[in-house]
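Taking it in order: structure first as structure tokens, then the write-up.
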Amino acid sequence: MGDTSWRDWPFFNDAHRKLVAGLDNWVSENLQAIDHDNVDDTCRALVAKLANGGWLRHATIDPDDAQSRLDVRSLCIIRETLARHDGLADFAFAMQGLGSGAISLFGTDAQKAEWLPQVRNGTALAAFALTEPQSGSDVANITLSATRDGNSFVLNGEKTWISNGGIAGFYVVFARTGEGDGAKGLSAFIVPANTPGLKIAERLQTIAPHPLARLKFTDCRIPAGNRIGAGGQGFKIAMSVLDVFRSTVAAAALGFARRALDETIHRVQNRYLFGAPLFDLQMVQGHVADMALDVDSSALLVYRAAWLKDSGAARISREAAMAKLFSTDHAQTVIDKAVQIHGGDGVRSGHIIERLYREIRALRIYEGASDVQRIIIARQTLAQT
């Protein structure tokens, strides 16, 4: 399993330590063979397993408890642990949280009561529909329109690169409602997948297979009661959701990096070169030291951000951006070193290191690309001086 000393860090309480120990045991018993060839069916099956194991209770608030809130440290622990085991398992859990996050944070009691139990018991897969063909990181530039028509809103436009696209039971869609210019004129809506006028226009393939799609909305009519929050709050809602879940992306990258380090340690202890273990080579020792440093540095940034949010910080934009930027970029470096140390096995199709190499690249793009995180950090740093 590798180093577990981080569990004793002061960021965590006994409930968190119990959570990670229980999840470790559950993963070893329930997620041994994961099919990566049919990602749709695999993700459905993984969501069902995670629900049966009780892990999806952490992905949303409890709709029956008015005091319930998202515990970001628990979200990060779960994502790190699942990612260390398998990228699709992490994806399946993450999307239940991200896809329903706006409902957890801003939904009405009726919206929470209708949708969150379905997310928690795995009967509805959730999706977060923010990105458009011409607006990725530039959320204020969203053009998909939602026009009020009596007791309904009518949606027209497109979304793209939507995770769980094509298999989700509902989408939280951000659209332009026109209360103001740019970011001031956006709202968020719950759109069930079977709504007439919503079409899966294209399934998108990536180097690490995940269910992704381009969505097309053509006179897609939904009840006005499906709006989350007030009109014009869409940007605030989106940023608040990302403020919570951006740290968890960093945690997933950390999980990938930990697995790469664990596999590398096993490799250098058991692979011989010139009559001695690889680890006897000082150059290899240097690589392992750099990898361990990157892993621990990432973990400190991830769990600092999560601890701050759980401690009551209203916003952690700077800390979450730091965690995501450092953890995703340095996980790429750690995994690249693992590839090099594994030699031919590191690029052999199906090998765990080769799979990690494909999985990590997307994390440096989604939920805010690395250069966007640099902008956030710089602006927040300047604002604090």
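The values are calculated or read from the model by the stated rules, or taken from the named source; none is laboratory data. Worth saying up front: this structure is predicted, and the values here are computed from it rather than measured. Ideal geometry is used to build each Cβ from the backbone, glycine not excepted, and the neighbour counts take in all protein chains shown.
Selection over the stretch 122-157 of residues that are at pLDDT 95 or above, small (G, A, S), under 22 Å from the mean Cα position of the chain (by Cα) and not in a strand (DSSP E or B) gives a count of 2. Looking across A321, A251, one residue alone is outside any strand (DSSP E or B), closer than 30 Å to Y171 by Cβ and in contact with a Phe, Trp or Tyr (Cβ under 9 Å, 6 or more places away or on another chain). It is A251. Among the residues making up the stretch 50-74, those that are in contact with a Phe, Trp or Tyr (Cβ under 9 Å, 6 or more places away or on another chain) and assigned to a helix (DSSP H, G or I) are L50, W55, L56, H58, V72, R73. Being within 30 Å of V173 (Cβ to Cβ) and β-branched (V, I, T) holds for only one residue in V295, V244, and it is V244.
Filter the stretch 260-314 for residues that are of a type in the set (A, V, I, L, M), farther than 16 Å from G343 by Cα and assigned to a loop (DSSP other than H, G, I, E, B) and give the result.
Selection gives A313, A314.
Take V119 and decide whether it is assigned to a helix (DSSP H, G or I) and crowded, with 24+ Cβ neighbours inside 10 Å. Break it down into steps so the answer makes sense when it comes.
Values: assigned to a helix (DSSP H, G or I): yes; crowded, with 24+ Cβ neighbours inside 10 Å: yes.
Answer is yes for this residue.
Is one or more of the residues making up the stretch 88-104 without any contact (Cβ under 8 Å) to a residue 24 or more places away in the chain and closer than 19 Å to A320 by Cβ? No, the stretch 88-104 has no match at all. Filter the stretch 75-116 down to residues that are part of a helix (DSSP H, G or I) and among the β-branched types (V, I, T) and give me whichever is farthest from R227 (Cα to Cα). Applying the filter and picking the extreme gives T81. Among the residues of the stretch 61-71, the one identified as within 18 Å of W307 (Cα to Cα) and either of a type in the set (D, E) or in contact with a Gly (Cβ under 7 Å, 6 or more places away or on another chain) (or both) is D71.
Any residue that is hydrophobic (A, V, I, L, M, F, W, C), exposed (fewer than 15 other Cβ atoms within 10 Å of the Cβ) and either within 20 Å of V119 (Cα to Cα) or assigned by TED's automatic domain parsing to the domain that holds A314 (or both) - is there at least one of those in the stretch 80-99?
Pass one, the stretch 80-99, residues hydrophobic (A, V, I, L, M, F, W, C): 82-83, 88-89, 91-95, 98.
Restricting the remaining residues to those that are exposed (fewer than 15 other Cβ atoms within 10 Å of the Cβ) gives none.
No, the conditions are met nowhere in the stretch 80-99.
Of the residues making up the stretch 120-160, those that are among the basic types (K, R) and out of contact with any strand residue (DSSP E or B) (no Cβ under 6 Å at 6 or more places or on another chain) are R120, R148.
Go through the stretch 326-340 and give me each residue that's within 18 Å of the chain's Cα centre (by Cα) and crowded, with 24+ Cβ neighbours inside 10 Å.
Applying the first criterion (within 18 Å of the chain's Cα centre (by Cα)) to the stretch 326-340 yields 326-332.
Residues satisfying the conditions are S327, T328, A331.
Here's the yes/no breakdown for (1) of a type in the set (K, R); (2) more than 30 Å from R355 (Cα to Cα):
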position	(1), (2)
A201	no, no
L215	no, no
D219	no, yes
P223	no, yes
N226	no, yes
Q233	no, yes
K236	yes, yes
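Counting the residues of the stretch 117-147 that are of a type in the set (A, V, I, L, M) and either touching a Ser or Thr at 6+ places or on another chain (Cβ under 7 Å) or within 17 Å of V372 (Cβ to Cβ) (or both) gives 8.
Scanning the stretch 351-385 for residues that are modelled with pLDDT of 90 or more, assigned to a loop (DSSP other than H, G, I, E, B) and more than 30 Å from A129 (Cα to Cα) yields one hit, H351. Scanning the stretch 162-194 for residues that are at negative phi and crowded, with 17+ Cβ neighbours inside 10 Å yields a total of 23.
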